[in-house]
Amino acid sequence: MIEINLLPERFKKAKKMQAVILAAGFAAILVIAGLIGFAMMKQQEIAKIQKEIRMIDAESATMQDKIEEVRRFRALEETYNKKKSIVDKLLGEQSLWTKIIDDLGALVLPDMWLNSIVQERERDEGVVVKTQGAAMSKEVVADFIKRLERTDSIMDLTAAQISDVAGGQADAVQVSFEVVFLYKKSAVGVK
């Protein structure tokens with residue numbers, strides 16, 4: 001079939017122009033519809049995120065009590081740890097003196113006795129102890145001092161005073177002595 005167009009040229013151009021305008025309008029409608037669809041999709045995502053934020057805020061509000069409880073617990077734990085360290089220090093010092101007395105008691109010879117054991121001062125590495133006592137002879141005091149020197153937990157040993165004291169019997173002479181030494185805290189594990 002042969003088609004013959006008898007329309008004048010200007011109608012032909014107008015018809016082509018109408019087709020172009022119609023195609024451009026259709027394309028514009030498609031672009032606008034796509035943009036509207038994209039905007040609606042983004043609006044839904046925003047609404048979803050806002051809903052999640054509201055849920056998190058509500059959950060956070062309910063968690064405030066628990067957060068405050070955790071803070072109180074941490075404060076109590078810190079107080080407990082401070083008190084525990086004080087008690088541990090006191091127990092360590094108590095065990096230190098138990099150890100000092102035990103060690104000195106083991107070193108005392110049969111012909112001697114201790115009259116006093118006193119802490120003079122405390123140093124970082126231990127406590128300075130002054131002990132006074134009496135013995136039946138200077139040899140017993142010398143043996144006691146040698147035993148103290150051989151003990152690992154004792155250092156900085158000084159014999160401050162050794163003197164003869166007349167006893168109750170005419171032939172009995174007693175020796176009075178005073179020994180100062182540093183007893184190491186590390187011997188007991190005290191810090």
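The values are calculated or read from the model by the stated rules, or taken from the named source; none is laboratory data. The structure presented is a predicted model; accordingly, all values stated were derived computationally and were not measured. Positions of Cβ are backbone-derived with ideal geometry, glycine not excepted, and every protein chain shown enters the neighbour counts.
Worth a mention:
- Unique match (being within 30 Å of Glu149 (Cα to Cα), loosely packed, with under 12 Cβ neighbours inside 10 Å and not aromatic (Phe, Trp, Tyr)) among Val108, Val118: Val118
- Some residue of region 6-14 being loosely packed, with under 10 Cβ neighbours inside 10 Å and assigned to a helix (DSSP H, G or I): yes
Results for (1) surrounded by 10 or more Cβ atoms within 10 Å (Cβ to Cβ); (2) not aliphatic (A, V, I, L, M), shown as yes or no for each residue.
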| residue | (1), (2) |
| --- | --- |
| Gln44 | yes, yes |
| Thr62 | no, yes |
| Lys66 | no, yes |
| Ile100 | yes, no |
| Asp103 | yes, yes |
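- One residue alone among Glu78, Glu69 is farther than 14 Å from Leu148 by Cβ, of a type in the set (D, E, K, R) and more than 20 Å from the chain's Cα centre (by Cα), and that residue is Glu69.
- Any chance Ala28 is modelled with pLDDT of 90 or more and either surrounded by fewer than 10 Cβ atoms within 10 Å (Cβ to Cβ) or of a type outside the set (Phe, Trp, Tyr) (or both): yes
Table: residues versus (1) assigned to a helix (DSSP H, G or I); (2) more than 23 Å from Gln174 (Cα to Cα); (3) in contact (Cβ under 8 Å) with a residue 40 or more places away in the chain.
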{"site": "Leu76", "(1), (2), (3)": "yes, yes, no"}
{"site": "Asn81", "(1), (2), (3)": "yes, yes, no"}
{"site": "Ser85", "(1), (2), (3)": "yes, yes, no"}
{"site": "Leu90", "(1), (2), (3)": "yes, yes, no"}
{"site": "Trp97", "(1), (2), (3)": "yes, yes, no"}
{"site": "Asp102", "(1), (2), (3)": "yes, yes, no"}
{"site": "Leu109", "(1), (2), (3)": "no, no, no"}
{"site": "Arg121", "(1), (2), (3)": "no, yes, no"}
{"site": "Glu139", "(1), (2), (3)": "yes, no, no"}
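- Among (1) modelled with pLDDT of 80 or more; (2) surrounded by 15 or more Cβ atoms within 10 Å (Cβ to Cβ) - the single one Ala187 does not satisfy: (1)
- The residues on offer are Ala160, Ala170, and the sole one that is of a type outside the set (D, E, K, R), surrounded by fewer than 17 Cβ atoms within 10 Å (Cβ to Cβ), at pLDDT below 90 and part of a strand (DSSP E or B) is Ala160.
- Any hit, region 52-59, residues being surrounded by 11 or more Cβ atoms within 10 Å (Cβ to Cβ) and of a type in the set (D, E, K, R): no
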